[in-house]
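Here is the structure we will look at.
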Ligand code: RP5
């Protein structure tokens with residue numbers, strides 16, 4: 001985490017979600033975005049969820065990234081308690097490979113919005129990227145970091161056109 005006050009909160013329903021959600025954190029670190037991360041469970045710690053979501057804006061957070069698997073109620077319940085943008089990451093579940101998580105997060109009722117990302121690593125990575133893009137609307141250093149990342153990614157593909165292994 002950086003020394004400045006966190007602008008992005010990365011929360012997840014269980015420690016078991018970390019191997020996926022660490023990719024959101026890695027992207028925020030790469031782009032120099034101040035963040036905090038912790039376990040907040042919709043089902044096991046509902047009072048903590050409410051406290052976290054209700055205090056997030058006044059604590060200076062600008063975006064919340066919430067990852068959960070299975071009956072993935074965390075992003076939607078957080079969104080119900082804050083006007084901050086909430087990005088939901090469906091974590092792969094053992095039984096249904098994350099399709100349950102995806103549908104739980106995506107099928108919000110009209111009026112309470114959650115931006116739903118892809119299942120797993122790609123979704124977590126893009127949640128970090130999208131959170132940085134939102135923060136970058138008001139933070140020119142973060143915006144520049146996003147633009148540099150995108151340019152480097154493009155150049156990497158252009159520099160390696162041969163799909164065969166080295
Ligand atoms: C969800 O239940 C969590 O987000 C996690 O993906 C899933 C399983 O949690 P554990 O039983 O591994 O703690 O709330």
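Every number in this text was worked out from the coordinates using simple rules, so none of it is lab data. Note that the coordinates shown come from a computational prediction; the quantities given were computed from them, not determined experimentally. Please note: Cβ atoms are built from the backbone with ideal geometry, for glycine as well, and neighbour counts cover all protein chains shown.
Numbers for the structure displayed
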read-out	value
Single match in 70, 76 (criterion: within 16 Å of the ligand (Cβ to nearest atom), touching a helix residue (DSSP H, G or I) at 6+ places or on another chain (Cβ under 6 Å) and closer than 19 Å to residue 119 by Cβ)	70
Any pair with Cβ under 6 angstrom, 6 or more apart, that starts in segment 25-49 at a residue that is without any contact (Cβ under 8 Å) to a residue 12 or more places away in the chain and ends at one that is within 16 Å of the ligand (Cβ to nearest atom)	48/40
Meets criteria (over 13 Å from the mean Cα position of the chain (by Cα), within 10 Å of the ligand (Cβ to nearest atom) and surrounded by fewer than 22 Cβ atoms within 10 Å (Cβ to Cβ)) for residue 4	no
Residue in segment 34-53 that is nearest to the chain's Cα centre (by Cα), counting only those that are within 13 Å of the ligand (Cβ to nearest atom) and crowded, with 19+ Cβ neighbours inside 10 Å	40
